[in-house]
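Shown next, in structure tokens, is the structure this report addresses.
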Amino acid sequence: MRKNPGPFYSSPVAIWISSFFLIPLGIIFTYSFMRKGLYGGVVPGFCLDAYSALSNITFLKITASTLYIALFSTLAIIVLAIPSAYFMARSRHKSFFLFLVIIPFWTNFLIRIYAWIAILGNNGFLNSMLISSGLFSHHVQFLYNKYAVILVTAYTYLPFAILPLYSTIEKFDFSLLEAAQDLGATKWQALRKVLFPNIRGGITTAILFTFIPAFGSYAIPQILGGSDSLMIGNVIARELTVTRNWPLASSISVVLTILTTLGVVFFMKLNQNASGSVRRIATAEKGVNA
Amino acid sequence: MTKKAIISPFVFTLVMMFLYMPLIILVIYSFNDSKTMAWSGFSFRWYQELFTNSGSLWRSFGNSVIVALGSATLSSVIGTLGAIGIYWYNFKFKKILQIATFLPLILPEIIIGVSLLIFFAKVNDLLSLVGIHFPLSLFTVFLAHTTFNLPFVLLIVMARLEEFDFTIIEAAYDLGAREIDTLFKVVLPIASPGIISGFLMAVTLSLEDFVITFFVAGPGSSTLPLHVYSMIRFGVSPVINALSVLIIAVTILLAFSTKNIYKYIISK
């Protein structure tokens, strides 16, 4: 018998992931129990200051607004994504439509955000149109509020939801819908009682893949948000680079990590066969071979 | 007979308009002569400005390309070996390794950015004790990008290995091949389509990343997304419109060509 080469093949990835992922997570975990240094950094010693700061009212408000933004953008995305994916799966031009969904998704993230500034900004497309048509005499401030953040979050993560939904709906046997209708169900009943239970895995994955990045989002509220749309991601960044309270930045990150992991585990338990699809879609996400 | 569907085509059309309208507006206004979004005539002046008068932008672009190619190469090598090890063999702590490589895919990017920034600061502290300087630089960006690319390469290559029978490897051994021969003459050729798409995905992810890079880049190691970010902070600029159009065009070209490359590999 030959020697098991498994450890040999896996050791580079094990070393890399330990060094640049697990150890950094371990460091922020320990930092989250320390006191903040005078000029950034931390002072060794155990304390829970960074965690008790999380119950402070400003932080709770920010958590609430983060939740609000993430929930509403996820909701908008799912409402748009299910019918779109259904249409694509039933169409004769599947691969062309898939391609159409993937192109904007491949376009640079910041360019997509910028496009919305070009449209909604004070000197943007919409304001120029409204003013030159005489509807408004001054420009209107469309940006820098939570609606702009929700809109652009939905825009950014919409393909994340369409792709997994498409891949599950495509496997659905549509003759079941006809059967249900032959047996007297209305079209809506057939969709609700036959289609939806069968595509639960896809819906779960779609929610997971839009809600998690939306909840942990940083760039969109940073660029397009205002004082009403400060999100947890912005607070982490601020504590890290501006206020230089590293224990607080760490404790927020630790809580966010734990919540995300629990969320994923919960969703996977909820839908046993979703775990495979989460893994598959995580990789197919960017659609190299979609 | 069922009625013709109305709602789903309508929503799909709406979604397509929603997805493409911003991009189309960027394309149109990149040819606008005026500095504002009011149309004042067709012109190539912003493209001219982009190519003749934007040195720092192209330096950032150069940085992006270096980091993308470097991190995609390294993560493809490490990821491929890891995929072979994890998919075909059993060993201690395999389950933990699988979870540890899956987690970076689902965690919000900011967590990875923040933890790496704090980690690099700690490493710099430790190294400065022995007189070595380890500042944030293009090298730390490269390390960070390799880290977030790895799980993707790993999973893509594993998906490719799933399609193959392990008995091929056993046959190679039975016929007397050494480990190294099996790797280079049997396993890697089998896995190559997966490795190529993993590599391409890593290049795309790396070129695209803003959040993680934002935290781990030092002075002088700006990448293209960081440069675009600093331009955006000054408001709408027609030069960004022109740049966006180039990026969109390259994206579409790449999407087409990778699709074709993929078909070509499969048909071989």
Listed residues B:F120, B:F210, B:F142, most fluctuating in chain B (Gaussian network, C-alpha, under 10 Å): B:F120
Sites B:I99 and B:M17, calculated FRET efficiency, Cβ-Cβ separation with R0 56 Å, nearest 0.05: 0.85
Listed residues A:L38, A:L183, A:L158, most fluctuating in chain A (Gaussian network, C-alpha, under 10 Å): A:L183
Sites matching trypsin sites (Lys or Arg not before Pro) across segment A:81-167 that sit in DSSP coil, with at most 12 neighbouring C-beta atoms within 10 Å: A:R92
Per residue convex hull volume, Cα atoms of chain B, in Å³: 232 Å³
Cα-based radius of gyration of segment B:126-268 once divided by 2.2 N^0.38 Å, which approximates compact folds: 1.44
Distance (nanometres) between label positions extended 7 Å along Cα→Cβ at A:N123 and B:I7: 4.5 nm
Cα-based Kirkwood hydrodynamic radius, the protein assembly as shown, one decimal, Å: 25.3 Å
Alpha-carbon gyration tensor eigenvalues x 5, square-rooted, for chain A, Å: 37, 31, 19
Sparse-neighbourhood loop sites, GluC sites (Glu not before Pro) in segment B:137-195 - DSSP loop, at most 12 other Cβ within 10 angstrom: B:E163
Most fluctuating residue given options B:G218, B:G41, B:G85, as computed from a GNM of chain B linking Cα atoms under 10 Å: B:G41
Per-pair calculated FRET efficiency, R0 = 22 Å: A:S227 and A:F266 via Cβ, rounded to 0.05: 0.10
Low-density loop positions, chymotrypsin sites (Phe, Trp or Tyr not before Pro), segment A:13-101 - DSSP coil, at most 15 other Cβ in 10 Å: A:Y39, A:F46
Chain B, relative contact order [Cα under 8 Å, separation at least 6], %: 31 percent
Efficiency of FRET between A:T243 and B:T52 - r from beta-carbon atoms, R0 35 angstrom, step 0.05: 0.25
For segment B:107-202, the fraction of alpha-carbon pairs in successive 5 Å shells from zero, as %: 3, 11, 15, 14, 12, 10, 10, 10, 9, 5, 1
Relative contact order of chain A, pairs being alpha-carbon contacts under 8 Å that are 6 or more residues apart, as %: 27 percent
Amide hydrogen neighbours beyond the local backbone of A:K36, cut-off 5 Å, H modeled: A:V43
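All of the numbers you see were taken from the coordinates with simple rules; none came from a lab. What you are looking at is a predicted structure, and each value in this text was computed from that prediction instead of being measured. When we count neighbours, we look across all protein chains shown, and the Cβ atoms used for this are built from the backbone with ideal geometry, even at glycine.
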